[in-house]
Amino acid sequence: MKMSRKDWPYLLAILALAPSVIVALEDGNRFMAAAVAGMVAINLAAWRFESRHPARARLVVHLANAALAFLLARDYQMQGRRGLPWAWAAAGVVFLLAAMVGQGEGSMTSGNRGRAFPSKTDAWLSLTLRLATLLLGGGAVAIVLLGGGTSGSRVVLALLMAAAAGVILWSLRGTRYVLEDDRLTIEAGPLRWRLAVAGIREIRPCRSLISAPALSSDRLVLAYGDPLRRIQISPQSGAEFITAILGRAQHLQRVGALELVSRARD
């Protein structure tokens, strides 16, 4: 069977979790053994039917793997087992990142809804966000195994930090603008904005660093709706995006290479 990138998290979970069933049984922890065995079965089924289940199901499986990995890390630490706590905490971060990256890839490839324009990405911003991802992921590993607090509080904090890292990575891989016949959908990680093409009043180029569904300071400002609202985006090919919008919005006219305004009404 040919392996794809989406298969590897399942294989990792199966190979890592299966021996933990035996360890839990040897320790007399039947509840943990049952939980781990159940996740092994779920990962086997998810792997087998990968092409049939939606991206959301993949997300749930990977998040469940992450939660179980953090619980195992804390459990092994309390037992004084060397090496295993760190290994499982790291595995938890990997599963969380797999969940978010999988969502990003699903967003980039899901359906033939329209023409997709990926976001332009500034190198400095990409580096900054990737460093933030590493720091949050590393912090999630450390918080499970270091510092004070109860087992539950550590796991929750680690999950939040690792989830934040995953959302950042998801945004890096899943920011794009999907143009359909009558609608523009702006996707930035887990966030969505839906604009009616007929409601777009004007588009103008700008350079900005304010928070927006854009990964570059080289942006386009879309004015839309009633009352008038604005949103900034950064399609990789601004000229192609403008041409595509113009082909669907007869009420707009080009007044510059990257600038559209509403036609004057008679």
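Observations
- Exposure proxy for Y224, Y177: other Cβ atoms within 10 Å of each Cβ, ordered fewest to most, give Y224, Y177.
- Rg and Dmax over the alpha-carbon atoms of region 157-249 stand at 14.4, 49 Å.
- Calculated FRET value between R30 and R81, using beta carbons and R₀ = 25 Å, to 0.05: 0.85
- Here E180 and D226 are evaluated by their C-beta separation; at R0 = 30 Å the FRET efficiency comes out at 0.90.
- Tensor-based shape of region 198-262 (alpha-carbon gyration tensor, a/c under 1.5 rounded, otherwise prolate or oblate): oblate
- This model, with +1 at the C-beta of Lys and Arg and -1 at the C-beta of Asp and Glu, gives the chain a dipole about its Cα centre of some 280 debye.
- Gain on full stretching of the segment that runs from V60 to L127 - 0.36 nm per residue minus C-alpha separation: 21.3 nm
- Fewest-first ranking of V21, V61, using other Cβ atoms within 10 Å as the exposure measure: V21, V61
- Net length available on complete extension from L246 to L12 is 79.5 nm, with 0.36 nm assigned per residue and the Cα-Cα distance removed.
- Taking other C-beta atoms within 10 Å as the exposure proxy, D7, D75 rank D7, D75 from fewest upward.
- Relative contact order [Cα under 8 Å, 6+ residues apart], the chain, whole percent: 14 percent
- Label-to-label distance for L209 and A196 is 3.8 nm, based on points extended 7 Å past Cα in the beta-carbon direction.
Every number in this text was worked out from the coordinates using simple rules, so none of it is lab data. Keep in mind that this is a model prediction, so the values were computed, not measured. With ideal geometry, Cβ positions are generated from the backbone for all residues, glycine too; neighbour counts draw on all protein chains shown.
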